[in-house]
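Right, one structure below, let's go through it.
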Amino acid sequence: MLKENAIRSLKTLLPKGQVFTDRASLISYEADGGLDKGMPEGVVFPHSTGDVVRIVQWAAERSVPLIARGAGTGLSGGAVADRGGIIVEFSRMNTILDIDEHGRTAMVEPAVINLVLDEQVKTKGLYFPPDPASQRASTIGGNVAENSGGPHCFKYGVTTNYVIGMDVVLADGRSVRVGGRALDYPAYDLCGLITGSEGMLALITSICVRLVRNPPAVKTMLAVFDSVEQAGIAVSAIIATGLVPATMEMMDQKIIRIVEEFAHAGLPTEAQAILIIEVDGYPASLDLQIEEVASILQMHGGRSLRVARSAEERNQIWFARKSAAGAVTRLTPSYYTVDITVPRSRLTETLLEVNAVCERYGLRVGYVFHAGDGNLHPLVLIPDTQDRQLMERVHNAGREMVELAVHKGGSLSGEHGVGIAKRQFMSLMYTDAELAAMWDIKQVFDPNNLLNPGKVFPLPGSGNMTGEEITAVQGTLNGTLPPVPGNIFPPSTAEEAAEGILSAAKARQNVYITGSTGVPAAHSGAKVLSTAGLRGIKIYAADDLYITVGAGTPLAEIQSFLANERKQVPLATPWQEATIGGLVATNLNAP
Ligand SMILES: Cc1cc2nc3c(=O)[nH]c(=O)nc-3n(C[C@H](O)[C@H](O)[C@H](O)COP(=O)(O)OP(=O)(O)OC[C@H]3O[C@@H](n4cnc5c(N)ncnc54)[C@H](O)[C@@H]3O)c2cc1C
């Protein structure tokens, strides 16, 4: 609880109109787009990086938590002050600072609205692909903090693939730049680390994004299916063929009808499910792309294929798709958006199982989601959030859906983040050691746990280790250790590698890691860990388009394996023997 004199000093920190502590103002900041709530003790509106630095220094001196907030459209409670503290509301830092047309980058303040940026750059023939369905409201800062996805991320990649630099204020008040306007810096990729960190590592005060050329032409197609499962099978079939249309979005009949009544986009309300598939590229290529996709859809039950005839028709379709959640609130005052991802070959079985879960809990659910990414969003309708018994059923069903996604090799969140909503599920997916590695990073950036505390990591009493408990366990890592391995050490498993590194660390020996292109000039007495024993293809998931390989596998070996499958990984190196581990560690650029 903030003391009277702390509140007084906060009010003098920034000019009038930038600090609010009265209950009537605070109540608007009690929630984001999700179901979790928490009342902040104050809300501040910085206008500049200088303001943010002052706020952070003020908070650090008094150990007051700071919770960054963009538009508050987050669906996992990320911007909710469930431990009190001050909301840092970035909405007044909303200027597009500049657009470099030739270098194809833009520098923006964090509260620039996603769609505003995209519309601006489009006037210059450029395009900012990450397009969350919330793009009419959500901010680039929020998108970066959540590493947001969207319909076009299937082809173009998610937010992190477009963030190349940031100005951030660290928890001790230092203002630093990470990355910049070029594409590859020799430093640690802190920009990649902060992207998706949910406001827990730093406050972002400007962002440099990469832009691409606006595709010269686009075609948008609607395909009707007789069931959601059938549509899921068609999506998996397209993925397995290796085709990458710009989008593959799915809606079921319940959502189609709700949305059509609101958006009047001419959606086929008799369809049990539809797919919205878009292709882009040179005008002459579009018909071929559409034909190829259409033939697969038809083979799997797709019918009444309709290609939008004008930009207006296309815009109407997208307006409808991106209005789904808003349209639902015409029916019930609240809803719970589940956000899970499964390998795309398992879409159909997951849909059936999710349906069964909702039926068992007696919940009304509609589906609208990024099918191409295997990212499901069952939208559970909530007529009354005060109905405790209903809310318990909603949460239990949510947990079961997360569990089944994780068991299928998927993820507990596809794009909405962990925040408060999913923190208790983290240990379903991560081991204590993995959570500890994440907590280490939090500690380095924010040792006093002031930036968005309590998010992402499980809470005490949940059966999982909390951040504090992890630190305690790490302090006791002693005991009997395996002997320090000989000078060149070639582990054949990850566990052997871990043991070797731990032994060397305890003996205070330097460790150098080498792939196959040469043994580094190590200090005398240092250990050299060769990845040569970690070689080979572990998993080849043809239907999901991924491959898992040992770190010591030469790229050439991977490419020759894939060539037999008529696939490739778009990496290149001049060295025949260069291993994938080495390429990743050096982030090697090639043509
Ligand atoms: C109808 C609807 C549809 C949606 N569709 C999608 C979708 O398709 N894809 C998707 O990925 N998400 C979607 N979302 C979720 C949400 O819109 C995204 O997570 C979005 O990126 C949040 O942006 P925001 O500006 O509202 O951030 P907020 O909700 O205000 O904050 C989100 C997180 O970012 C942190 N944060 C915000 N600004 C900063 C900053 N400057 N520095 C550091 N941390 C910061 C906050 O602390 C919080 O943890 C949807 C939400 C709604 C309501």
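The values are calculated or read from the model by the stated rules, or taken from the named source; none is laboratory data. What you are looking at is a predicted structure, and each value in this text was computed from that prediction instead of being measured. Please note: Cβ atoms are built from the backbone with ideal geometry, for glycine as well, and neighbour counts cover all protein chains shown. Calculation scope for accessible area: heavy atoms of the full protein, side chains included, ligands and nucleic acids excluded. Shrake-Rupley method; radii C 1.70, N 1.55, O 1.52, S 1.80 Å.
Straight-distance candidates among the lysines for linking to Lys155, with alpha-carbon spacing under 22 Å and chain neighbours fewer than 8 residues away dropped: Lys122, Lys124, Lys219, Lys322, Lys567. The residue list Gly77, Ile537, Ile274 was ranked by how far each Cα lies along the charge dipole of the chain toward its positive end, using unit charges on Cβ atoms, and Gly77 comes out on top. DSSP beta bridges confined to the chain are antiparallel in about 80 percent of cases. Based on protein heavy atoms only, the chain ends up with 45 Å² per residue of surface accessible to a 1.4 Å probe.
Please give the peptides 569-578, 239-248 ranked by average Cβ packing (other Cβ atoms within 10 Å per residue), highest first, as a rough proxy for protection. Could you put the intermediate results ahead of the total?
Working: 569-578: 13.4, 239-248: 19.2.
In descending order of packing, they fall as 239-248, 569-578.
Counting only protein heavy atoms and a probe of 1.4 Å, the accessible surface of the chain is 53% carbon and sulfur.
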